[in-house]
Amino acid sequence: GVTRLLLTRIPFFKEIIVSSFSCDNCSWSNTEIQSAGRIQEQGVCYTLAVTSRQDMNREVVKTDCAMARIPELDFEIPAFTQKGVLTTIEGIIDRAVAGLEQDQPIRRATDEEVAKKIDEFIVKLRQLKEMNSPFTFIIDDPSGNSFVENPHAPQRDDALVVTHYRRTPQQAAMLGLEVDAKPPDAAEDLRDEVLQFNTNCPECNAPANTNMKLVQIPHFKEVIIMATNCDSCGHRTNEVKSGGAIEPQGTRITLQITDPSDMTRDILKSETCSVEIPELEFELGMGALGGKFTTLEGLLKDIRDLVERNPFTLGDSSTPSRMGKLQEFIGKLQEVNGKTKAHFIMDDPAGNSYLQNVYAPEEDPELRVEHYERTFEQNEDLGLNDMKTEGYEPEGTLGR
């Protein structure tokens, strides 16, 4: 026979290899799938509430090391008992029925009572396809390479619960992975993990989730990126917080934009940082855009959007003279793309902002970083003048 291999990508999932074998003599055919990627960092468990015929048609990737289960029937397909398949929920049930029926003639001859019980169970499995009552379908894959389709992607599917978990030593050994006897480092776990907590959407006040991730910026420090996505109104926000303390000195970063490639430099703008472009006589105050981790082009786009969204500048409440000046400013801002030379200045009294040095660890001829002592007013804005970290206990409590 002939075996055909196809490398394909499942949307919102990953790449897999589909192998198909067919025999022209007896017309027997067989298909199976293998993951085209590596074993994932965490295992995954999909729990689907099957309530309609449409749910039976959901695509499923089940690897050979995945376990499938239907709790309502106390039915389980153990790991490594089937080859990996790309099929549907209905296809999983059909394969289970075919596997149970395969040895039924022998059972009827040797143990009629067991064969009768299996026949009754096969009837229950087939009744699941009729959708007379809802049931739960669970796939638990320690390798993290199984998948259950979300027909509403990229939106959330209320019927599907996806849980990622850390593999046990037994599961790692089953996958042929080396088990690290050293306990995991809590700080390293925090860097690799995306934390999630419940909040409310700032636009429509609907329940939403905020994701938080600790990121190490090369040649700088750690920052915390927080992103909120509302499924109700589609509102999305992201914010960057410094992962470290306020630096002893302020930082002033000056970049001379001379080439279009400068627009792709990474930028970390903290909420305490002000931005200035002298050629445009433009200055953005502290806290105007919040914390941002983006590129220079992305930050200039955010500045342009900030101006355009203001109803008192370009909206119905604006005056023609002010509107003309701001339209001219926006035009000049769009020309700052590397072809028009300009200076981009970031002044952060807290010292927690960063602009990428593309020549790192060598010096960048177009980038100048200056450290300076903060003024009393800057310390006041940061709340440092009245901050007391030593000897702050009252006199009466020292003797206790």
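Scanning the stretch 244-275 for residues that are among the acidic types (Asp, Glu) and buried (at least 18 other Cβ atoms within 10 Å of the Cβ) yields Asp262, Glu271. Restricting the first member to the stretch 363-379 and to residues that are in contact (Cβ under 8 Å) with a residue 24 or more places away in the chain and within 17 Å of Thr254 (Cα to Cα), and the second to residues that are open to solvent by less than 60 Å² (accessible area, probe 1.4 Å) and part of a loop (DSSP other than H, G, I, E, B), the beta-carbon pairs closer than 9 Å and six or more apart or on different chains are Glu366/Thr258; Leu367/Arg265; Leu367/Gln356; Leu367/Asn357; Val369/Asn357; His371/Gly351; Tyr372/Pro349. Of the candidates Gly291, Gly285, the single residue that is in contact with a strand residue (DSSP E or B) (Cβ under 6 Å, 6 or more places away or on another chain), surrounded by 14 or more Cβ atoms within 10 Å (Cβ to Cβ) and either of a type in the set (Lys, Arg) or in the same structural domain as Lys325 (by the TED database) (or both) is Gly291. Does the stretch 364-381 contain any residue that is assigned by the TED database to the domain that holds Thr295, hydrophobic (A, V, I, L, M, F, W, C), out of contact with any helix residue (DSSP H, G or I) (no Cβ under 7 Å at 6 or more places or on another chain) and modelled with pLDDT under 80? Looking for residues that are assigned by the TED database to the domain that holds Thr295, hydrophobic (A, V, I, L, M, F, W, C), out of contact with any helix residue (DSSP H, G or I) (no Cβ under 7 Å at 6 or more places or on another chain) and modelled with pLDDT under 80, one finds none in the stretch 364-381, hence no. Pairing residues of the stretch 150-178 that are within 23 Å of Arg38 (Cα to Cα) and open to solvent by 100 Å² or more (accessible area, probe 1.4 Å) with residues that are outside any strand (DSSP E or B) and hydrophobic (A, V, I, L, M, F, W, C), at Cβ distances under 8 Å and at least 6 apart in sequence or on separate chains, gives Glu178/Ala172.
With respect to Glu72, is the statement that it is in a helix (DSSP H, G or I), surrounded by fewer than 17 Cβ atoms within 10 Å (Cβ to Cβ) and touching a Ser or Thr at 6+ places or on another chain (Cβ under 7 Å) true? Spelling it out, Glu72 is indeed in a helix (DSSP H, G or I), surrounded by fewer than 17 Cβ atoms within 10 Å (Cβ to Cβ) and touching a Ser or Thr at 6+ places or on another chain (Cβ under 7 Å).
Residues in the stretch 290-308 that are in contact with a helix residue (DSSP H, G or I) (Cβ under 6 Å, 6 or more places away or on another chain) and of a type in the set (Ser, Thr, Tyr): Thr295 only. Selection over the stretch 338-347 of residues that are more than 26 Å from Glu370 (Cβ to Cβ) and in contact with a helix residue (DSSP H, G or I) (Cβ under 6 Å, 6 or more places away or on another chain) gives a count of 0. Scanning the stretch 20-58 for residues that are charged (D, E, K, R) and either surrounded by fewer than 15 Cβ atoms within 10 Å (Cβ to Cβ) or at pLDDT 90 or above (or both) yields Asp24, Arg38, Glu41, Arg53, Asp55, Arg58.
What is the number of the single condition among (1) under 28 Å from Cys65 (Cα atoms); (2) at pLDDT 85 or above; (3) out of contact with any Pro (no Cβ under 9 Å at 6 or more places or on another chain) that Met212 does not meet? The failed condition is (1).
The values are calculated or read from the model by the stated rules, or taken from the named source; none is laboratory data. Remember, predicted model here, so these are calculated numbers, not experimental data. Ideal geometry is used to build each Cβ from the backbone, glycine not excepted, and the neighbour counts take in all protein chains shown. Keep in mind that these areas ignore ligands, DNA and RNA; they rest on the heavy atoms of the full protein, side chains included. Shrake-Rupley method; radii C 1.70, N 1.55, O 1.52, S 1.80 Å.
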